[in-house]
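Colleague: Okay, handing you the structure first.
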Amino acid sequence: MKKRKAELEKRIFVLFFIMTFLLVLLLVFIEWELAKFGINKYEDHNIQHTLSELKIAQTEMMMEKQYLLQNLETDNTIITALKNKNYNLIEKYIETKYNDDSIDKLTLCNKQREFIFGEQWGLIDKYMPQIYRDIARENSGVFIGNFGNRLFQISYNPIFISNEIKELLGVLIMIENFDMTNLKLNSNSEVNLISYDKTLSENTIPENLTDHISDINDIIESMTENKLQQTIKKFNISNAAGIIIFYDLSNEPTGIFIISYTRYVNQFVQQSILIFILILLAFTLFMISLLGNWFSKTILIPVKNISNKMQDIAENPAKLEPIEKLYSGILGDMVTSFNTMNIALSKHGQTLKEYKELTDNLDTGIFWLNNNFDVILFNPSFIKIMEMDEHQLTHQNLSKLMGLDEKQFAKLAKAPLTFPNLKIFPNGNLKYVALNIRAVKYDLSTKFYGSIIDVSKDVRETKARESLEMELIKSNKLADIGKRIEGIVHNINSPLNAILGYAQLMKKDLKDNDDLDKIIAAGKNIAQTVKGLLTKVKQSNISIDRPISINDMISQELDFCKHNLFFKHYVKLTTDFQEGLSTVTASYGDLSLCTANIINNAIQAMKDSIQKELAVSTHEKDNMIYIKITDTGEGISKHNVNKIFKTYFSTKAGKSGTGFGLGLAITKSIIEKYNGKIEVESKLDFGSIFTLILPKTKG
């Protein structure tokens with residue numbers, strides 16, 4: 001415990017030291033940035049001042065020559081001589097009147113670009129098309145040209161007939177060398193004026209910038225691509241430069257000013273700040289030692305006492321003892337808050353313990369899901385139902401655990417999801433569970449909780465009860481039909497035998513009477529029907545399973561349907577029985593009853609149909625026997641298709657009043673008893689297709 005206290009005290013002191021040190025560094029950094037900002041602004045001002053001075057000197061030089069050209073442009077002697085094409089007069093006049101140092105090279109051309117006065121040389125030829133294009137817009141101008149790696153200032157002015165009539169007579173072009181001797185500068189900065197070249201050499205820039213020749217070339221290339229005229233660049237702590245680029249009438253670079261600037265002030269300030277930092281750090285260390293001692297006595301020791309108490313509570317949460325309030329101010333308030341928190345935590349912990357005991361002893365499984373529907377929390381009953389251990393269940397996706405489609409969870413945020421008797425297969429064992437999931441929304445997130453109950457016993461009991469009810473209903477129905485048929489047959493046989501006997505006796509005396517032949521034939525037909533009926537009753541009463549010929553059984557059922565007058569006279573029957581069809585092992589009465597129910601329903605469904613066709617077919621596929629019964633009756637609506645196999649549900653109850661809703665329920669129960677299934681396809685007003693699927697006899 002003492003070791004932990006010493007470590008805590010050490011950590012707090014180190015934390016205090018680091019925070020104080022960081023604060024000092026932050027202040028130094030802010031001061032450093034402010035100093036750099038001020039220095040940069042001062043340096044930018046100095047470089048910009050030199051750049052501005054260069055631009056002003058260049059502008060003064062341009063204006064001086066432009067003013068001279070404007071005087072020549074308005075000289076009536078020159079205008080008159082141009083009108084009269086007296087070019088010799090112009091040459092003598094200019095040499096006489098302007099024979100001084102104000103004109104370096106002056107050329108006068110007419111509007112056909114013919115030289116009238118002055119010499120013709122390559123520099124003028126290079127820019128002549130550009131000058132005349134600008135003159136065509138009634139402009140005059142001045143630009144810096146590049147020729148033979150030398151720079152020249154070229155000024156040009158048009159001469160028109162008059163201010164009112166803008167007809168070009170000629171163009172004045174004045175050329176003057178452009179170098180540092182032409183410029184009147186007061187700045188002490190080192191300035192280099194060079195002719196433009198895509199790649200500058202070390203000989204053309206100031207000596208203190210030769211180490212930055214690559215950077216300067218990159219800057220000039222970027223400026224010319226973006227047509228920039230000037231910029232300022234600081235290369236390092238010692239050197240900076242200002243650059244001006246001149247462009248001719250085609251916006252092509254011709255000349256460059258490079259101004260070298262030495263950053264002495266920046267070096268001085270940085271050294272001063274470094275000294276200041278060292279002094280400030282020394283002072284900070286001294287203050288930290290004083291403040292640390294005060295901090296330990298007034299804050300660290302009380303906090304350490306509270307920490308010790310918190311450690312005692314963490315080791316023994318059941319032991320709740322308030323801290324004695326020995327301090328005032330903020331520390332006193334902290335002790336009061338700590339005591340209040342202890343009481344609240346104790347009550348909350350007791351409540352959580354009671355809730356945990358409650359959920360742990362429930363038979364219902366309870367679980368929490370995250371946004372991905374992964375299981376993150378559950379009680380012991382959930383583990384028991386799922387037959388998995390805790391590690392296997394944690395972070396498992398619920399849809400995979402339950403065998404559900406993930407699309408079923410899409411609307412869970414809006415409405416709860418409920419499955420009353422869901423089939424699951426934990427460890428391969430079939431179980432029926434009642435599953436309920438709902439969403440719980442928090443401020444920034446949504447979680448899902450659910451409950452699960454094992455209802456396997458209830459489902460099995462319900463299915464067993466329904467199966468027993470179906471068997472009792474079927475047995476009672478078959479027994480009742482058998483008794484009635486036996487009574488009817490007994491009542492028919494006696495008078496039928498008498499009729500046949502008397503008819504045969506009369507035939508001996510009246511051998512040529514055809515009517516007696518018809519009576520005898522009809523009687524024999526009735527006797528054959530009665531015999532078949534008795535055979536069916538006897539077979540139906542034999543409840544043992546045996547191989548049954550499906551084709552023979554269906555043929556017999558269709559023969560009995562012929563006694564139905566509606567079927568006999570109105571329904572068109574077509575059959576398609578597969579030859580050599582395998583037998584089905586079952587009770588004859590069961591299969592006969594199922595087939596009769598479907599066929600009778602089909603006949604009744606076609607009572608009001610325009611087209612009355614019944615098709616019965618059989619075929620064998622993949623060890624299964626298929627009995628397909630198709631009608632053109634009224635059909636079944638979509639919302640009733642899933643209800644027709646339920647007990648006591650009938651679509652005929654509201655129409656003929658004869659349906660009890662047992663026929664299809666019994667049929668489905670019998671088919672499933674023999675591991676078969678029944679399928680239905682139906683479209684309202686078009687008819688239905690019922691398919692009985694049974695496994696063929698093995699062996």
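Colleague: Just one of I175, I243, I205 is free of Cβ contacts under 8 Å to residues at least 40 places away in the same chain and surrounded by 14 or more Cβ atoms within 10 Å (Cβ to Cβ); which is it?
Modeller: Answer to the check: I243.
Colleague: If you scan the stretch 201-249, which residues turn out to be closer than 25 Å to M62 by Cβ, at pLDDT 80 or above and β-branched (V, I, T)?
Modeller: Of everything in the stretch 201-249, those that are closer than 25 Å to M62 by Cβ, at pLDDT 80 or above and β-branched (V, I, T) turn out to be I220, T224, T231, I232, I243, I244, I245.
Colleague: Is it fair to say D458 is over 37 Å from the mean Cα position of the chain (by Cα), within 18 Å of D363 (Cα to Cα) and at pLDDT 75 or above?
Modeller: no
Colleague: Return the total of residues in the stretch 114-138 being touching a residue at least 12 places away in the same chain (Cβ under 8 Å) and surrounded by 12 or more Cβ atoms within 10 Å (Cβ to Cβ).
Modeller: Qualifying residue count, the stretch 114-138: 15.
Colleague: Here is a list of conditions, (1) more than 23 Å from I165 (Cα to Cα); (2) more than 60 Å from the chain's Cα centre (by Cα), and T80 meets all of them except one; can you say which number that is?
Modeller: In the conditions (1) more than 23 Å from I165 (Cα to Cα); (2) more than 60 Å from the chain's Cα centre (by Cα), T80 misses (1) alone.
Colleague: Among the candidates I194, I216, which residue alone is part of a helix (DSSP H, G or I), hydrophobic (A, V, I, L, M, F, W, C) and touching a residue at least 40 places away in the same chain (Cβ under 8 Å)?
Modeller: Among I194, I216, only I216 is part of a helix (DSSP H, G or I), hydrophobic (A, V, I, L, M, F, W, C) and touching a residue at least 40 places away in the same chain (Cβ under 8 Å).
Colleague: Would you list the strands (runs of 3 or more DSSP E) that sit entirely within the stretch 52-163 and hold 1 or more residues that are among the small types (G, A, S) and outside the structural domain of P253 (by TED's automatic domain parsing)?
Modeller: Per the criteria, 141-147, 150-160.
Colleague: Also, I was wondering about something else. Has the stretch 631-644 got any residue that is touching a residue at least 24 places away in the same chain (Cβ under 8 Å) and assigned to a strand (DSSP E or B)?
Modeller: Scanning the stretch 631-644 turns up at least one residue that is touching a residue at least 24 places away in the same chain (Cβ under 8 Å) and assigned to a strand (DSSP E or B).
Colleague: Looking only at the stretch 614-627, which residues are surrounded by fewer than 17 Cβ atoms within 10 Å (Cβ to Cβ) and either modelled with pLDDT of 95 or more or assigned to a strand (DSSP E or B) (or both)?
Modeller: Selection gives S617, H619, E620, K621, M624.
Colleague: So, one more: Is it true that I173 is in a loop (DSSP other than H, G, I, E, B) and more than 60 Å from the chain's Cα centre (by Cα)? Spell out how you get there, then give the answer.
Modeller: Numbers: in a loop (DSSP other than H, G, I, E, B): no; more than 60 Å from the chain's Cα centre (by Cα): yes.
No.
Colleague: Only one residue in D374, D360, D389 is within 41 Å of the chain's Cα centre (by Cα) and at pLDDT below 75, so which one is that?
Modeller: Only one candidate qualifies: D360.
Colleague: Taking interchain pairs and intrachain pairs at least six residues apart, which have beta carbon atoms under 8 angstrom, with the first residue in the stretch 35-46 and among the aromatic types (F, W, Y) and the second loosely packed, with under 14 Cβ neighbours inside 10 Å?
Modeller: Y42/V265
Colleague: Looking at M402 and the list (1) touching a His at 6+ places or on another chain (Cβ under 9 Å); (2) of a type outside the set (D, E); (3) within 26 Å of K457 (Cα to Cα), which single condition is not satisfied?
Modeller: (1)
Okay, residues lined up against (1) in contact with a Lys or Arg (Cβ under 9 Å, 6 or more places away or on another chain); (2) modelled with pLDDT under 75:
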site	(1), (2)
K2	no, yes
L8	yes, yes
F13	no, yes
F16	no, yes
K36	no, yes
Q48	no, no
L54	no, no
E64	no, no
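Colleague: Could you check the stretch 47-89 and list, in sequence order, the residues that are free of Cβ contacts under 8 Å to residues at least 40 places away in the same chain and of a type in the set (S, T, N, Q)?
Modeller: If the condition is that a residue be free of Cβ contacts under 8 Å to residues at least 40 places away in the same chain and of a type in the set (S, T, N, Q), then S52, T59, N71, T74, N76, T77, T80, N84, N86, N88 are the ones that fit.
Colleague: Additional query: Do we have T59 as out of contact with any helix residue (DSSP H, G or I) (no Cβ under 6 Å at 6 or more places or on another chain), among the hydroxyl-bearing types (S, T, Y) and under 29 Å from A240 (Cβ atoms) here? Full working, then the answer.
Modeller: Working: out of contact with any helix residue (DSSP H, G or I) (no Cβ under 6 Å at 6 or more places or on another chain): yes; among the hydroxyl-bearing types (S, T, Y): yes; under 29 Å from A240 (Cβ atoms): yes.
So T59 fits the description; yes.
Colleague: Pull up the stretch 396-409, narrow it to residues that are more than 9 Å from F373 (Cα to Cα) and outside any helix (DSSP H, G or I), then point me to the one that is farthest from the chain's Cα centre (by Cα).
Modeller: Only one residue fits best here, namely G403.
The values are calculated or read from the model by the stated rules, or taken from the named source; none is laboratory data. Predicted model, so just to flag it, every value in this text is computed and none were measured. So basically every Cβ, Gly included, is an ideal-geometry build from the backbone, and we count neighbours across all protein chains shown.
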